[in-house]
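Colleague: This structure is in structure tokens; I'll ask about it shortly.
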Amino acid sequence: MDYEEQLKKWIKEDSERMKALYLAAELRLPDWCLAAGFVRNLAWDKMHDFSSATPLNDIDLIYFDPKDIAKARDRGIEEKLSGISDFPWSVKNQTRMHERNLDKPYTSASNAMSYWIEVETAVGATLDDNGEVAIVAPFGVESLFNYSITLNNKRPKPVDFRKRIAEKRWLEIWQKLTVKSA
């Protein structure tokens, strides 16, 4: 099975996710994607044969633009998107996020994702220049199909990892999941 093609197919079949992708694409942000639960939750829902999508707490729109790293820009983008949709947007320019995370400067949105706590969260979707769904995944997508939640060894934060699993209730919502490392 080509896991990346399967993810693209699921996203294309999800009218709400496609609407969110089109809205984000209209902003023409550099190096952008809708990441984290936007893709992860969809894969887990499908792997668990859920008949409807699990509601998203937020839609993480990430981008990488070293030319304007002001937090106010992110808030402005959120306000613009909230004015034209009911989606719960969370917008973050990854160029400055290394400071919050105490990492060396990131070089791209994908590079920033490679520092996220769980491997399965570090997956995003974008639209290419032809309007086709493209996947951004520094660790690949196979782990999304393994019913696992995996600590990112690039940023081993086991306390934060366990806290996120508990707070987000992943093991309650998707009961076939197992924790690969903690």
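The values are calculated or read from the model by the stated rules, or taken from the named source; none is laboratory data. Source: prediction; values computed, not measured. Cβ placement follows ideal geometry from the backbone for every residue including glycine, while neighbour counts extend to all protein chains displayed. What goes into the accessible areas is simple: the full protein's heavy atoms, side chains included, and nothing from ligands, DNA or RNA. Shrake-Rupley method; radii C 1.70, N 1.55, O 1.52, S 1.80 Å.
Colleague: Counting only protein heavy atoms, what percent of the accessible surface of the range 32-73 is carbon or sulfur at a 1.4 Å probe?
Modeller: The C+S portion of the solvent-accessible surface of the range 32-73 is 50 percent.
Colleague: Set Lys and Arg Cβ to +1 and Asp and Glu Cβ to -1, take the dipole of the chain about its Cα centre, and tell me which of 149, 161, 175 lies farthest positive.
Modeller: The one lying farthest along the dipole's positive direction is 161.
Colleague: Which percent, to the nearest 5, of DSSP beta bridges fully inside the range 42-152 are antiparallel? Can you show the working numbers first?
Modeller: Numbers: 5 of 10 bridges.
That works out to approximately 50 percent antiparallel.
Colleague: How would 17, 28 rank on accessible area, largest to smallest, probe 1.4 Å?
Modeller: Accessible-area ranking of 17, 28, largest first: 28, 17.
Colleague: About its Cα centre, what dipole magnitude does the chain give when the only charges are +1 on Lys and Arg Cβ and -1 on Asp and Glu Cβ, stated in debye to the nearest 20? Mind dumping the intermediate values first?
Modeller: Working: 27 positive and 29 negative charges, 154 e Å.
Approximately 740 debye in magnitude.
Colleague: Lysines within cross-link reach of residue 46: Cα-Cα under 24 Å, excluding same-chain residues under 8 positions apart?
Modeller: Correct list for residue 46: 8, 9, 12, 19, 168, 176, 180.
Colleague: Would the range 108-182 count as rounded, prolate or oblate if I go by the C-alpha gyration tensor, calling it rounded below 1.5 in a/c and otherwise prolate when a/b exceeds b/c, oblate otherwise?
Modeller: prolate
Colleague: Which value, in Å², gives the accessible area per residue of the chain when a 1.4 Å probe is used on the protein heavy atoms?
Modeller: 51 Å²
Colleague: Roughly how far apart, in whole Å, are the Cα centres of the range 4-63 and the range 111-182?
Modeller: 13 Å
Colleague: To continue, here is another question. So, taking all protein chains as they sit and a 1.4 Å probe, how much accessible area belongs to residue 133, in Å² rounded to tens?
Modeller: 10 Å²
Colleague: Considering only protein heavy atoms and a probe of 1.4 Å, how much of the accessible area of the range 138-182 is carbon and sulfur, as a whole percent?
Modeller: Ligands and nucleic acids excluded, carbon and sulfur give 49 percent.
Colleague: Further question on the same structure: Find, among the trypsin sites (Lys or Arg not before Pro) in the range 81-182, those assigned to loop by DSSP (not H, G, I, E, B) with at most 12 other beta-carbon atoms within 10 angstrom. Numbers along the way, then the final one.
Modeller: On the way: sites: 92, 96, 100, 154, 162, 163, 164, 168, 169, 176, 180; in loops: 96, 154, 169, 176, 180.
Sites meeting the loop and neighbour criteria: 169, 176.
Colleague: Let me make sure I get this right: for the range 60-122, a, b and c are the square roots of the gyration tensor eigenvalues over alpha carbons, sorted descending. Under 1.5 in a/c it's rounded, otherwise prolate if a/b > b/c, else oblate. Which is it?
Modeller: Verdict is oblate for the range 60-122.
Colleague: Rounded, prolate or oblate: which one fits the chain, using the alpha carbon gyration tensor with axes a ≥ b ≥ c (rounded when a/c is under 1.5, else prolate when a/b beats b/c, else oblate)?
Modeller: oblate
Colleague: Once you place label points 7 Å from the Cα toward the Cβ at residue 15 and residue 146, how far apart are they in nm?
Modeller: 3.6 nm
Colleague: Please give the calculated 222 nm ellipticity per residue for the chain, where each DSSP H segment of at least 4 residues contributes -39500 (n - 2.57) and the sum is spread over every residue; nearest 500 deg cm²/dmol?
Modeller: -11000 deg cm²/dmol
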